[in-house]
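Student: Next up is a structure, given as structure tokens.
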Amino acid sequence: MYPQDALQLVLKDFPNFKTVYDVYQSVLDARFNHTFTPLELLINNYKNNKTEMDTVIKTYKKYIKGIKAAFENNASNGRLEGTNRRIKQIGRTAYGYANSMNYFYRIRIQLHNKFVLKQQFLTFKV
């Protein structure tokens, strides 16, 4: 059986699940397309059906201003989180340094190497 067929079978037999699934897909679609208006309409017109999605929509209503700001602003803290992950990884692999300055030097070397490699890749000519 194909996954689409299994999904259609489940959606046909469980109407509450179909409602939750449709809401979930609408939220994903709005996020993927960066369109806040359909999500806002969905949140405002949602009818409770005694499922866990009621809690999700209630939380969305509570934080609607922040969600709207996230849709309007393309800023991300991904780069900062990546840097933090690299620093933590250095700490895990090194398992402590006798001298803390060596730890800081290692961090600077790793972060500098990443920048240099990226610049070399961008300027590479065949």
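The values are calculated or read from the model by the stated rules, or taken from the named source; none is laboratory data. Everything numeric here is computed off the predicted structure, so don't read it as measured data. Note that we place each Cβ from the backbone using ideal geometry, even for glycine, and neighbour counts take in every protein chain shown. What goes into the accessible areas is simple: the full protein's heavy atoms, side chains included, and nothing from ligands, DNA or RNA. Shrake-Rupley method; radii C 1.70, N 1.55, O 1.52, S 1.80 Å.
Student: Quick one: 3J(HN,Hα) in Hz for region 58-63, Karplus 6.51/-1.76/1.60 with θ = phi - 60°, rounded, Gly and Pro as x.
Tutor: 4, 5, 4, 4, 5, 10
Student: If Lys and Arg each add +1 and Asp and Glu each add -1, what is the summed charge of the other residues whose beta carbon sits under 15 Å from the beta carbon of residue 10?
Tutor: Here the count lands on -1.
Student: In whole Å, what is the distance between the alpha-carbon centres of region 45-81 and region 1-33?
Tutor: When both Cα centres are located, 19 Å separates them.
Student: If you compute Kirkwood radius over Cα pairs in Å for the structure shown, which of [x] 19.4; [y] 18.6; [z] 17.3 do you land on?
Tutor: [x]
Student: Taking trypsin sites (Lys or Arg not before Pro) as candidate sites, keep only those in a DSSP loop with at most 12 other Cβ atoms within 10 Å, then name the longest stretch of the chain containing none of them.
Tutor: Value returned for the longest uninterrupted segment is 51-124.
Student: Here is a further query. Using θ = phi - 60° and the Karplus form 6.51 cos²θ - 1.76 cosθ + 1.60, what ³J(HN,Hα) does each residue of region 38-50 get, whole Hz, x for Gly and Pro?
Tutor: x, 5, 5, 4, 4, 5, 6, 9, 5, 10, 4, 9, 6
Student: Related question: Might you tell me the accessible area per residue for the chain, computed with a 1.4 Å probe and given in Å²?
Tutor: Result: 85 Å² of accessible area for each residue.
Student: Report the longest stretch of the chain that contains none of the chymotrypsin sites (Phe, Trp or Tyr not before Pro) sitting in a DSSP loop with at most 14 other Cβ atoms within 10 Å.
Tutor: Excluding the exposed sites themselves, the longest stretch runs over 1-62.
Student: What pairs from 18/68; 18/47; 68/88; 18/65 go past 21 Å between their alpha carbons?
Tutor: 18/68; 68/88; 18/65
Student: Shifting gears a bit: How large is ³J(HN,Hα) for each residue in region 22-35, as worked out from phi by the Karplus curve 6.51 cos²θ - 1.76 cosθ + 1.60 (θ = phi - 60°), to whole Hz, x for Gly and Pro?
Tutor: Result, rounded to whole Hz: 5, 5, 4, 5, 5, 5, 4, 5, 5, 5, 5, 8, 6, 10.
Student: Considering only protein heavy atoms and a 1.4 Å probe, what is the carbon-and-sulfur percentage of the accessible area of the chain?
Tutor: Exposed carbon and sulfur together represent 59 percent of the surface.
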